[in-house]
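Note sheet for the following structure.
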Amino acid sequence: MTRLSPPVPVDQNSHVAGDGEGATAAMGGPESAATAAIASPAGRIRWTICVLLFSAVVLNYVDRLVLSILKPSLQQEYGWTEQGYANVAFWFQAVYGFGYIAFGRFIDRVGAKVGYSVAMSIWTVGHMAQTLVTTTFGLALVRLPLALGESGAYPASLAAVAEWFPKRERALAIGIFNAGAHLGAVITPLLVPAIVIALGWRAGFWITGGLNIIWLVVWLTFYRKPRDHPRASAAEVAYIESDPPIGQKPISFLAILRLRQTWAYLSGRLLLDPIWWLFIFWLPDFFSRQFAVKLKDFGPPIVVVYLMADLGAIGAGWASSRLLGKGRSANFARKMAMLGCCCFAMPICFAEYAPTLWSAVFLLGFAAFGTQGYSTNLFAMPSDLFPKWAQGTIVGLGGFAGALGGMFMARFAGWVLATTGSYAPMFIYSGLAFPVTLLLYHFLNRGYDPVETGAL
């Protein structure tokens, strides 16, 4: 069995999530004495790095969503079949899932600067190449580099945070750059239709791809390791390096897959990530198909759905933290927050039958709220229960499991839409997946017991 070092160095006190899928980062536990001794470091270069990471994640999601915004109009113009578009989504997620693990190892070898540069370059080529094709087969091919490059964004961002931030600030930095995923999801339906209406659909890809190139130039010019950065003061470097080094231990896939905690986490990613992928790839098409929403009008309903997703991520994280603060066990706090999210999400079963656009928007918005809130607490599990040197591996496996679930949803949605033209089966799956996932999570992880290091 292949042995794999954690894709990125992750400290035991941070909650890490990949793919912008509504994850949050939180931090707790004692600070090291050395870090606590440096209360007010001089310099803020590390926060400029964080802004660069945030903007890259915004661009990552903008580029990912452009095609879904344009799908209804391009499908009509070029005669795409539902199964053809489903194949585009399927192969994107297949490459994304494998790339998530592969890029972690690559970035371990070459570092954050080179790793992010390579990732952004690859996905920009794939993104802009979409203007060269008009068939779903062509799109499936040119989006493979888009998927591969985008899979490197989170491993590279986490590596940069580990390089530039001490433990006490690392989770905050992760939370800030991860918020870029939701901002990207909000601005895409506002920005892209305006560009397309004014300049044509290809300009939507060219202009957003051009923003990537600008970011890449700034990244290559500005990013250095702390000790090599000309603008980082000695005090700031000392603050960044004040934590004791984190030990690493190779971990085999076989060892980690023997654990029931692993399967509790992977089952959640496998069953619930497809719901988020359904929103990413098909939400504009549903509004167009069901309520005849035009390209210029996509913005408000889609923005509301993604803003409700943000509220879910924040609210469910606050709820479980509040319960923990009142002395309840992590087992109780996480699972009660998840149960609440299930209640919000399950009415999505009826979204196909909503009588008006805005009633459908709120049903889908509550489902997005529940999806991201549930994910917030699910993503806490690796750092709650796994030793720090195994967290990177479990997060990588979770990203792969989520991509597999998204591949299933792509095939399922393509077949259902081609044969029935209805979103009802996908929405019914989405509603029922929540209680099933929670029952599996509780059955596999009844006591929320930490992994014993001897088991690894």
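Quick one: would you say Ala313 is at pLDDT 90 or above and among the aliphatic types (A, V, I, L, M)? So Ala313 fails the test.
For the range 219-235, name all the residues that are touching a helix residue (DSSP H, G or I) at 6+ places or on another chain (Cβ under 9 Å) and either surrounded by 15 or more Cβ atoms within 10 Å (Cβ to Cβ) or closer than 19 Å to Gly43 by Cβ (or both).
Trp219, Phe222, Tyr223, Arg224, Lys225, Pro226, Arg227, His229, Arg231, Ala232, Ser233
If you check Leu271, Leu278 for being farther than 18 Å from Thr376 by Cβ and either buried (at least 20 other Cβ atoms within 10 Å of the Cβ) or out of contact with any Pro (no Cβ under 8 Å at 6 or more places or on another chain) (or both), only one passes: Leu278. Checked across the range 196-208, the condition of being surrounded by fewer than 19 Cβ atoms within 10 Å (Cβ to Cβ), farther than 25 Å from Gln76 by Cα, at pLDDT 90 or above and aliphatic (A, V, I, L, M) holds for no residue. Of the candidates Val142, Val95, the single residue that is more than 30 Å from Asp228 (Cβ to Cβ) and buried (at least 21 other Cβ atoms within 10 Å of the Cβ) is Val95.
Modelled with pLDDT under 95, of a type in the set (Gly, Ala, Ser) and surrounded by fewer than 24 Cβ atoms within 10 Å (Cβ to Cβ) - does that describe any residue in the range 409-420? Yes, there is a match, as at least one residue in the range 409-420 is modelled with pLDDT under 95, of a type in the set (Gly, Ala, Ser) and surrounded by fewer than 24 Cβ atoms within 10 Å (Cβ to Cβ). Given (1) at pLDDT 90 or above; (2) over 23 Å from Thr48 (Cα atoms); (3) in a helix (DSSP H, G or I), identify the lone condition not met by Arg109. Just one mismatch for Arg109, condition (1). Of the residues making up the range 65-80, not a single one is among the polar types (S, T, N, Q), outside any helix (DSSP H, G or I) and at pLDDT 90 or above. Of the helices (runs of 4 or more DSSP H) lying entirely inside the range 144-236, those containing at least 2 residues that are without any contact (Cβ under 8 Å) to a residue 12 or more places away in the chain are 167-199, 201-222.
The values are calculated or read from the model by the stated rules, or taken from the named source; none is laboratory data. In this text the structure is predicted, and so the values were computed from the model without any measurement. So basically every Cβ, Gly included, is an ideal-geometry build from the backbone, and we count neighbours across all protein chains shown.
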